[in-house]
1. Pairs K151/K360; K10/K186; K186/K259; K186/K360; K119/K329; K44/K169: which are spaced more than 20 Å apart, C-alpha to C-alpha?
2. When 1/r is averaged over all different Cα pairs and the result inverted, which Kirkwood radius in Å belongs to the chain?
3. Provide, for q = 0.19, 0.26, 0.27 Å⁻¹, the log10 of I(q)/I(0) from a solvent-free Debye sum over equal Cα point scatterers in the range 184-256.
4. Connecting C-alpha atoms closer than 10 Å in a GNM of the chain, tell me which of M365, M202, M103 has the biggest fluctuation.
5. Highest first, please rank the peptides 332-341, 260-269 by the mean number of other Cβ atoms sitting within 10 Å of their residues.
6. Net charge near A307: determine it from the other residues with C-beta under 9 Å of the C-beta of A307, scoring Lys and Arg +1 and Asp and Glu -1.
7. In square angstrom, what is the accessible area per residue of the range 272-395 with a 1.4 angstrom probe?
8. Taking every eigenvalue of the Cα gyration tensor of the range 109-158, multiplying by 5 and rooting it, what semi-axes result, largest first, whole Å?
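The values are calculated or read from the model by the stated rules, or taken from the named source; none is laboratory data. Everything numeric in this text was worked out from a predicted model, so none of it was measured. Backbone-built Cβ (ideal geometry, glycine too); neighbour counts: all protein chains shown. Each accessible area value is taken on the protein alone, full model and side chains, heavy atoms only, with ligands, DNA and RNA left out. Shrake-Rupley method; radii C 1.70, N 1.55, O 1.52, S 1.80 Å.
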Amino acid sequence: MPGFELFGDKERNQVKDVLDSGVLMRYGFDGMRNGHWKALQLEKELAKRMQTKYAQLVSSGTAALTVALASAGIGAGDEVIIPSFTFVASFESILALGAIPVMVDIDDTLTLDPSAVEKAITPNTKVVMPVHMCGSMADLGALKAICVRHKLILLEDACQAIGGTYDGKPLGSIGDLGCFSFDYVKTITCGEGGALITNNEMYYKNADHYSDHGHDHEGTDRGAESHPFLGYNYRISELHAAVGLAQIARLDDFLAIQKRNYTILRNALEPIEGVTFRRVPEGGVENYSFLNFYLPSETITQNTHSAFGAAGIDACFYWYNNNWHYYKKWDHLRTMKSLAPVAREVLDGLPDYPEAHFKKSDHWMSRTISCLIKLGWDEDEVAKRAELMASIIKKEL
Ligand SMILES: *Cc1c(COP(=O)(O)O)cnc(C)c1O
């Protein structure tokens, strides 16, 4: 997945433009910037590539989620439905706004189970946030139907699946809002950065203002701009945007490399009886950033994962007991360990997380291995890795 593997002259030249002008900020300083508007240009490129009307760049993927929620008017006491398998940014962005993260089960897509979503809806529910983990997507058709039926906002976290599609449309563009991360380990990177995309003009305008202290960005005198509402600073710098501009031009090349490497690994594992693959919803195309597969039991999966490690097969993950991505290790959320008192709406509204169990999620996650697909591998290297993985799995089964 990581675009940093192929960092080179294209990125360097883009950054040099910014360094040469010395304007490291995305707004203002029109006369000094030698015509370089890297953030603005990256927003245009991203909106075009993702087939949406608008894109707003921000400082991280977590910021993108926060700004997206804020732009849609989400705040104190509003409930946002998220999956039990995700990245901590999902609940961080929600809590930052005083809203309530309501975790529900995943299914064999490794993303939100639509029936679990439907069961979790209350009068306070405002948003359904599918997270397209590890290169593939949630059942967006089913989720969209639920959102329409209950008048909810669909916010796609496509941070780990940029370039994947559903029904021929780019992931992130199908919901009311979609978010991407360009942090250092994502398919394309800015070093640090993120973006939201939308076709909704009001959400876009809100995001544009909110991510820059509420500035309305009217006219050319920054000091004279008015503040229609409260905001915050989630701006990206021109230096970061410049790196992203070079990387987005390479996205389709990166996806092609991922697909080639993924296919070699998958073809080697496919014939093994006992190996099954993560379900991709009908109409979906992965971005091939991970190969995700199931083994028949928790024990076999754990042993296989350990054997991979011992044989030097790196970058394969057993998320079931991973710190970052699965609810079982989120004690800080489960017990609300916060530096400061937590808003009353949140404390009163949170589900009983210390007692919460997600059995259906456990069923899938305890048997899942996810292997990161690297861009830097050559074909021989992947073929050898595939052969070794297949032989280890056969031994453990
Ligand atoms: C990386 C990631 C984020 C957050 O991105 P940052 O840019 O690191 O803040 C959010 N959601 C998912 C699924 C991610 O993988």
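1. In this structure, K151/K360; K186/K360; K119/K329 exceed 20 Å between Cα atoms.
2. 21.8
3. -0.89, -1.14, -1.16
4. Largest GNM mean-square fluctuation: M202.
5. Going by the mean number of other Cβ atoms within 10 Å, highest first, we get 260-269, 332-341.
6. Cβ neighbours under 9 Å give a net charge of 0.
7. 51
8. Over the Cα atoms of the range 109-158, the ellipsoid semi-axes are 18, 10, 9 Å.
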